[in-house]
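The block underneath contains the structure these notes are about, expressed in structure tokens.
The values are calculated or read from the model by the stated rules, or taken from the named source; none is laboratory data. Because the structure is predicted, anything quoted here is derived from the model rather than measured. Virtual Cβ from ideal backbone geometry, glycine too; neighbours counted across all protein chains shown. Note: accessible area is taken over every heavy atom of the protein model, side chains too, but ligands, DNA and RNA are not part of it. Shrake-Rupley method; radii C 1.70, N 1.55, O 1.52, S 1.80 Å.
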Amino acid sequence: MGSIGNLITTLGSNARTAAKTLRTANTKSKNSALINIAEQINLNRKDILKANQLDVNEAKNNQLDDALLDRLILDDKRIDDIIESLNQVAVLADPVGEITDLKFRPSGIQVGKMRVPLGVMGIIYESRPNVTIDAAALCLKSGNAVILRGGSEAIHSNLALYQCIKQGLANTNLDEHCVQLIDTTDRAAVNALVQASKYIDAIIPRGGKGLVEAISKTATVPVIKHLNGICHTYIDKDADTDKAIKIAFNAKTRRYGVCNAMETLLVHASAAGKVLPELIAEYALKGVELRGCEHTMEFSKQIIAATEQDWDTEYLDAILSIRIVNSMSDAIDHIEKHGSGHTESIITENYTSGRRFITEVDSASVMINASTAFADGFEYGFGAEIGISTDKFHVRGPVGLEGLTSQKYIVLGDGHIRQ
């Protein structure tokens, strides 16, 4: 533990120093770093894919589950997406230094708020190599130094991407310690990082419920988290049938191993006969296992009886729970009881019903006539995201640039003294 402790102390000290310089870095420098990192990734594409293949081969030998394996795999398309996310973040407005709410007080002073970086972030994540770049990009642009700790299953991929980050920073003359990667797979490094309150201002864990719960219990540093993504789609009695089928199918099948995938479909009883026969057939062709309430099971012998546990499960797999409800109130009650506060969607042509749903459902993202798959920082215009917070303080939903900043009060005077 001594060597691990020394490692975290060194990384933390370097990050604190880098954070001071990054806090005053201008937008042009930060954007140049992002563009240079993107260029390095493109230049080193073959090496990155080769490193990723080492991770994938080892993951298969270790029988990594399908959801994590899907997140681990890189190909040319995913590398293109990583490069695009860097370019997207580069063109976003820089939140640092923004002054808002400036008002004159009766005393003559002006009081307002200035947006500032949090300081030093610790990002702990599983499997997804793209998080190495997303986290680095968002932290750089928002003026935060960051210490990254990826999962052991992606160590080769992460190291290859990190080399691109280091070179991109060097080409921009920014402190190379603005972004640092923990290169050991020793789990003791995670415990040391989340307790390094002298150096770290906030921790973001991005991974499965087990990882997030473990970090939340051991951390002495504030944690921005979401535990799971039990997302719901509710097909209302006034839903357009074609829209409902298209959205419900996409919400489940676009990708199974992601936190914004629909895990439970709620259908109003009067709409069930219009949408379920076709949806069940489409899910069957896609190989989705269906688990339903008694009423749902009447539509197909292939549907397995859902248990109470199913309503509380984030499958991250080709499995879907379906419940038929008698009213929107029943649907909202179900979401309140079994949801995780991530993302819910209503399919309806009734304006009043849609407004009621987005008002009463207390989740980080609530949608009308759209797939839950849109709950994503890139789709929300953040360029990328570090995670999706189901907390309510200090940030909620996809965590982008603004979520990695805070505000301080500023006071402007001209010789003013308090009487």
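Observations on the model:
- Tally, over the range 248-279, of residues that are assigned to a helix (DSSP H, G or I) and open to solvent by 20 Å² or more (accessible area, probe 1.4 Å): 8
- Condition check for Ile230: crowded, with 18+ Cβ neighbours inside 10 Å, in contact (Cβ under 8 Å) with a residue 40 or more places away in the chain and within 30 Å of Gly119 (Cα to Cα): no
- Against the conditions (1) without any contact (Cβ under 8 Å) to a residue 24 or more places away in the chain; (2) assigned to a loop (DSSP other than H, G, I, E, B); (3) among the acidic types (Asp, Glu), Glu213 satisfies every one except (2).
Conditions tested, residue by residue: (1) modelled with pLDDT under 95; (2) within 21 Å of Phe357 (Cβ to Cβ); (3) within 31 Å of the chain's Cα centre (by Cα).
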| site | (1), (2), (3) |
| --- | --- |
| Arg255 | yes, no, yes |
| Glu263 | no, yes, yes |
| Tyr283 | no, no, yes |
| Gly287 | no, no, yes |
| Leu290 | no, no, yes |
| Glu298 | no, no, no |
| Ile303 | no, no, no |
| Gln309 | no, no, yes |
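- Summed over the range 288-298, the residues that are more than 20 Å from Met262 (Cα to Cα) and either part of a loop (DSSP other than H, G, I, E, B) or open to solvent by less than 70 Å² (accessible area, probe 1.4 Å) (or both) give a count of 1.
- Taken over the range 104-120, the criterion of being in a strand (DSSP E or B) and among the basic types (Lys, Arg) is satisfied by Lys113, Arg115.
- Long-range neighbours under 6 Å by Cβ, at least six apart or interchain, first residue of a type in the set (Val, Ile, Thr) within the range 87-102, second open to solvent by 40 Å² or more (accessible area, probe 1.4 Å): Ile99/Met114; Thr100/Lys113
- Out of Ile123, Ile133, Ile204, sole residue that is in contact with a helix residue (DSSP H, G or I) (Cβ under 6 Å, 6 or more places away or on another chain) and either acidic (Asp, Glu) or part of a strand (DSSP E or B) (or both): Ile123
- The numbered conditions (1) open to solvent by 20 Å² or more (accessible area, probe 1.4 Å); (2) more than 18 Å from Gly12 (Cα to Cα) are all true for Ser197 except (2).
- Considering the range 334-382, and only residues there that are part of a helix (DSSP H, G or I) and aromatic (Phe, Trp, Tyr), the residue that is surrounded by the most Cβ atoms within 10 Å (Cβ to Cβ) turns out to be Phe357.
- Condition broken by Ser216, with the remaining ones in (1) hydroxyl-bearing (Ser, Thr, Tyr); (2) at pLDDT below 95; (3) closer than 20 Å to Ala19 by Cα satisfied: (3)
- Here the condition is being open to solvent by less than 30 Å² (accessible area, probe 1.4 Å) and closer than 22 Å to Phe382 by Cα; of Ala135, Ala160, it holds for Ala135 alone.
- Residue match in the range 86-105 (condition: aromatic (Phe, Trp, Tyr) and open to solvent by 10 Å² or more (accessible area, probe 1.4 Å)): yes
- If you go through the range 208-239 and keep only what is out of contact with any helix residue (DSSP H, G or I) (no Cβ under 8 Å at 6 or more places or on another chain) and closer than 19 Å to Arg323 by Cα, you end up with just Gly229.
- Residue satisfying all of: in the range 21-64; in a loop (DSSP other than H, G, I, E, B) and aliphatic (A, V, I, L, M); surrounded by the most Cβ atoms within 10 Å (Cβ to Cβ) among these: Ala25
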